[in-house]
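Notes for the one structure printed next.
Bear in mind these aren't lab numbers, they're just calculated from the coordinates by the rules spelled out. Source: prediction; values computed, not measured. Quick reminder, even Gly has a Cβ in these numbers, built from the backbone with ideal geometry, and neighbours come from all protein chains shown.
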Amino acid sequence: MLRVGGLTPLSASDYPGKLAAVVFCQGCAWRCTYCHNPHLLKKKGSSEIPWTEIVSFLGKRRGLLDAVVFSGGEPTLQPSLPQAMQEVKAMGYLVGLHTGGISPRALGRVLPVVDWVSMDVKSSWATHSAVTQVPRSGPRARESYELIRASGVACEFHTIESAP
């Protein structure tokens, strides 16, 4: 099931206008020079939270929370993300996603379930690889950006320098 490296039980800033829990997914393929969650980079964390505990927690918070945001690391790298999102949606929560756009294919699979998405655009497409330290990360991120824009899903894009 989903590899969870952390949980914020209550956030008023991770989903616009909603109270949300934030599930931090373990693992990221990029090595951004300014990563604020370096403990989530490895595919397997040293202190993961079982998905069953997350589901139990969310069951107790129905009526108190509006949304669940999947963040990371990079949540779209986990094959079980669509199933986890469906489970959360079935509990009556809105589903949010924080992504860097690493995998356009995986992003395309979850966009139909997502109610809101935030994408960190790491840099201009041309200089993207310098930030992520991964060759050709710019074209993949741009494809993800275009997918989000075309999806009609409510979204935000965050960047440090002028991008797209």
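Structure above, values below:
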item	result
Cα-Cα over 25 Å, subset of LYS89/LYS122; LYS43/LYS122; LYS60/LYS89	LYS89/LYS122
Estimated FRET transfer efficiency when R0 is 25 angstrom, pair SER47-SER13 (beta carbons, to 0.05)	0.55
Positive-end extreme of charge dipole, the stretch 41-128 - chosen from ILE102, GLY92, PRO79 (charges on Cβ)	PRO79
Relative packing of peptides 38-48, 142-152 - highest average C-beta neighbours within 10 Å first	142-152, 38-48
0 to 90° range, to nearest 10: angle between helix 51-60 axis and the chain longest Cα axis	60
CD proxy at 222 nm, helix term only [per DSSP H run n ≥ 4: -39500 (n - 2.57); per residue of the chain; nearest 500]	-8000 deg cm²/dmol
